[in-house]
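Structure first, then comments.
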Amino acid sequence: MSLLAGLGGGGGASSRVPTARARHGAHWRLIGPGLIFLLLFFVAPVGALLVTSLYVPIPGGELGQYTPAFHWQNYVDSISAFYPQILRSFSFAAIATVSALVIGFPMAYAIAVRARERKMLQALLLVLVIAPFFTSFILRTIAWKQILADEGVVVSVLKWAYILPEDGRLTATAFAVVAGLTYNFLPFMVLPIYASLERLDPRMLEAGADLYASPFTTFRKVTFPLAMPGVIAGTLLVFIPASGDYVNSSLLGNSTDTAMIGQVIDGRFTRLLDYPTAASLSAILMVIILVLVISYVRRTGTEELL
């Protein structure tokens, strides 16, 4: 009997081996398409970009003709030539991110907390937040160009109120570029904060009031810490695309004082055919953003977002 029991136990264990292998194979079949997609459309293009960044011009060749090499000096030359645009890009992106946070947090709070009991109003406000996505990014930016035009209502009112001098303007300025960045990426700030505040228990706010905490203290000690995951996600979703944006700087700025690094990369790739410089600038931009994001997330103590 013991022999039969042993044989039966061995048979059961061996029968479970194919099941484990089948599950392991099923896991790979599930993640396989995603891995293939990432390899084809992320890893391969980034690898080609890094290789291109080390190319050198063919001696005596035509414009746009380069040969493979390991010319690391391309990175040094790119930083030396375009460090003002790199610094300006991150400065504009940081200002736009802070502006989007200041504007977007009250919006998200009003939608998630104040309109919690009125579902129809809450749904309407959410639709209004995402409504700009129904139109093209470029069309929205062109609309801002018309709004801030020299002959527009905004400039006329500012001049009438003596806020803007008679020869002042808003387009082709840093203000216009930052305003465009803030507007275009504002929904990316509002929606994550709304998702965090929507889970906020109103009884916690009531408890703060019962403990004689002022509204500001309740916000600082209860509301804002609970909304921190949404704030972190929102700031990343705004800062990262804003750093590499070139549409706003092209349409709302000018080519000298407001040029961002994305505009430089676009010009080097499409008009000057300077592929190594454009590729090296792209790689530099990616590395800087990656370092800033990792440092920011670790600083705020939300490593799980990575």
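Along the charge dipole of the chain, which of 279, 42, 242 sits closest to the positive end, that is, farthest toward it, with unit charges on the beta carbon of Lys, Arg, Asp and Glu (+1, +1, -1, -1)?
42
Given Cα pairs under 8 Å that are at least 6 residues apart, what percent is the relative contact order of the chain? List each step's numbers first, then the result.
Details: 311 pairs, mean separation 78.1, N = 306.
That works out to 26 percent.
Per residue, what accessible area does the range 117-238 have, given a 1.4 Å probe and all protein chains present, in Å²? Mind dumping the intermediate values first?
Numbers: 7280 Å² over 122 residues.
So the range 117-238 comes to 60 Å² accessible per residue, rounded to a whole number.
Dipole of the range 59-188 (Lys/Arg Cβ +1, Asp/Glu Cβ -1, origin at the Cα centre): which of 113, 133, 143 lies farthest to the positive side?
113
Taking the Cα centre of the chain as origin and charging only Cβ (+1 Lys, Arg; -1 Asp, Glu), how large is the dipole, in debye to the nearest 20?
I would put it at about 1120 debye.
What FRET efficiency would be calculated for the residue pair residue 228, residue 83, taking the C-beta separation as r and a Förster radius of 45 Å, to the nearest 0.05?
E between residue 228 and residue 83, to the nearest 0.05, is 0.85.
Would you mind checking which residues have amide H under 5 Å from residue 56's amide H? H placed 1.01 Å from N; only 5 or more apart, or other chain.
HN-HN under 5 Å from residue 56: 67, 69.
Among rounded, prolate and oblate, which fits the chain when a ≥ b ≥ c are the square roots of the eigenvalues of its C-alpha gyration tensor, a/c under 1.5 means rounded, and a/b larger than b/c means prolate? Write out the running numbers ahead of the final one.
Values: a/c = 2.58, a/b = 1.17, b/c = 2.21.
The shape class here is oblate.
Restricting to DSSP loop positions (anything but H, G, I, E, B) with no more than 12 other Cβ atoms inside 10 Å of their own Cβ, which chymotrypsin sites (Phe, Trp or Tyr not before Pro) remain in the range 211-306? It would help to have the intermediate numbers written out before the result.
On the way: sites: 212, 216, 219, 239, 246, 269, 296; in loops: 212, 246.
Of the chymotrypsin sites (Phe, Trp or Tyr not before Pro), the ones in loops of the range 211-306 whose Cβ has at most 12 other Cβ atoms within 10 Å are 212.
Under a crude label model (7 Å from the Cα following the beta-carbon direction), how far is residue 28 from residue 175 in nanometres?
6.1
Would you calculate the separation in nanometres between label points at residue 48 and residue 195, each defined as 7 Å from the Cα along the Cα-to-beta-carbon direction?
If labels sit at residue 48 and residue 195, their model points lie 3.1 nm apart.
Ignoring the sites themselves, what is the longest stretch of the chain with no GluC sites (Glu not before Pro) in a DSSP loop and at most 16 other beta-carbon atoms within 10 Å?
Details: sites that count: 62, 117, 151, 166, 198.
Segment 199-306 is the longest.
Please report, in debye to the nearest 20, how large the charge dipole of the range 125-235 is about its Cα centre when each Lys and Arg carries +1 at its beta carbon and each Asp and Glu carries -1 there.
Working: 8 positive and 8 negative charges, 41 e Å.
Dipole of the range 125-235, to the nearest 20 debye: 200 debye.
Explain nothing, just the number: relative contact order of the range 50-103, from Cα pairs under 8 Å at least 6 residues apart, as a whole percent. Please list the in-between numbers first.
Values: 28 pairs, mean separation 13.4, N = 54.
The value is 25 percent.
Taking the chain as a Gaussian network, Cα atoms linked when under 10 Å apart, which of 25, 34, 168 shows the biggest mean-square fluctuation?
25
Longest segment of the chain with no trypsin sites (Lys or Arg not before Pro) in a DSSP loop having at most 12 other Cβ atoms within 10 Å? Write down the numbers at each step before the final one.
Numbers: sites that count: 118, 199, 271.
Answer from the scan: 1-117.
Grab the beta carbon distance between residue 36 and residue 290, set R0 = 25 Å, and tell me the FRET efficiency rounded to 0.05. Spell out each step's value before the answer.
Details: r = 24 Å, r/R0 = 0.94.
According to the calculation, E is roughly 0.60.
In nm, to one decimal, how far is the modelled label at residue 162 from the one at residue 70, with both set 7 Å along Cα→Cβ?
About 6.8 nm separates the two model spin labels.
The values are calculated or read from the model by the stated rules, or taken from the named source; none is laboratory data. Every value quoted in this text rests on a predicted model; they were computed, and no experiment measured them. Virtual Cβ from ideal backbone geometry, glycine too; neighbours counted across all protein chains shown. The protein model used for the area step is the full one, side chains on, heavy atoms only, and it has no ligands, DNA or RNA in it. Shrake-Rupley method; radii C 1.70, N 1.55, O 1.52, S 1.80 Å.
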